[in-house]
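Shown next, in structure tokens, is the structure this report addresses.
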Amino acid sequence: DAGVTQSPTHLIKTRGQQVTLRCSPKSGHDTVSWYQQALGQGPQFIFQYYEEEERQRGNFPDRFSGHQFPNYSSELNVNALLLGDSALYLCASSLVPHTEAFFGQGTRLTVV
Amino acid sequence: AQKVTQAQTEISVVEKEDVTLDCVYETRDTTYYLFWYKQPPSGELVFLIRRNSFDEQNEISGRYSWNFQKSTSSFNFTITASQVVDSAVYFCALSEARSQFYFGTGTSLTVIP
């Protein structure tokens, strides 16, 4: 049973560019959440998708957007990249409500 | 306001020692969930335990044990007879009404052989 898979694992982008990160949830899970983890910090909630709609959003600007597909996979898009967007981006899948969330290995984004 | 506080930033212990990681949370909800996750250097967050607000029974799983006390808003995690493989960053997390997770800042545990 494959867990949560994310791609790519590492990415280097230039300031001002746009990036798309991808996530496939654990089999049987229909809810996907995205988190940003800056170095030395805990993960911060970006948003959550369920039934192809954004259900919840954390305190992140509109430059951060997402999408969920009918197969429950998800994308995170970040526009106009800033140096401060450099972080580990984690995808988590779960069955709502409140079951344990399973996390992927993350995508390490570096903005230069 | 910080919802989850992990006051211990870094802990070092010698192998086979016991170690307790502290977690204090803040919420106004009567229904909530508490979690512990382990993050090894590879980056993936590994689920360890979930507790709901109505279940204060402590739990032991092998070398791991958890102490949930609503009276002090604490959910502490103890590793007995620590091993080098336990070295990682450990996160405590709180989930309220809609399953968004609030993570603490993590405790970096180093087990010295």
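Below are the figures for this structure:
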quantity: Kirkwood hydrodynamic radius (C-alpha pairs) into Stokes-Einstein, the protein assembly as shown, 4 °C and 1.567 mPa s, D in µm²/s; calculated: 72
quantity: Dimensions (Å) - chain A, Cα atoms, principal axes, largest first; calculated: 37, 25, 24
quantity: About the Cα centre, charge dipole magnitude for chain A (Lys/Arg +1, Asp/Glu -1 at Cβ), debye; calculated: 480
quantity: Equivalent ellipsoid semi-axes - Cα gyration tensor, chain B, angstrom; calculated: 24, 15, 12
quantity: Positive dipole terminus of segment A:8-112, leading residue within A:SER94, A:LEU83, A:PRO8 (C-beta point charges); calculated: A:LEU83
quantity: Too-long pairs where the Cα-Cα distance tops 25 Å, listed order kept, from B:LYS16/B:LYS38; A:LYS26/B:LYS16; A:LYS13/B:LYS3; A:LYS26/B:LYS70; A:LYS26/B:LYS3; calculated: A:LYS26/B:LYS16; A:LYS13/B:LYS3; A:LYS26/B:LYS70; A:LYS26/B:LYS3
quantity: FRET efficiency estimate (nearest 0.05) - Cβ-Cβ, A:PHE69 to B:THR31, R0 41 angstrom; calculated: 0.85
quantity: Förster-model FRET efficiency, 35 Å R0, B:ARG63 and A:GLU53, C-beta, rounded to 0.05; calculated: 0.25
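Since every read-out is calculated from the coordinates, none of them should be taken as a lab result. Predicted, not measured: the structure shown is a model, and the values here were computed from it. Cβ sites come from the backbone with ideal geometry, for glycine too, and all protein chains shown count toward neighbours.
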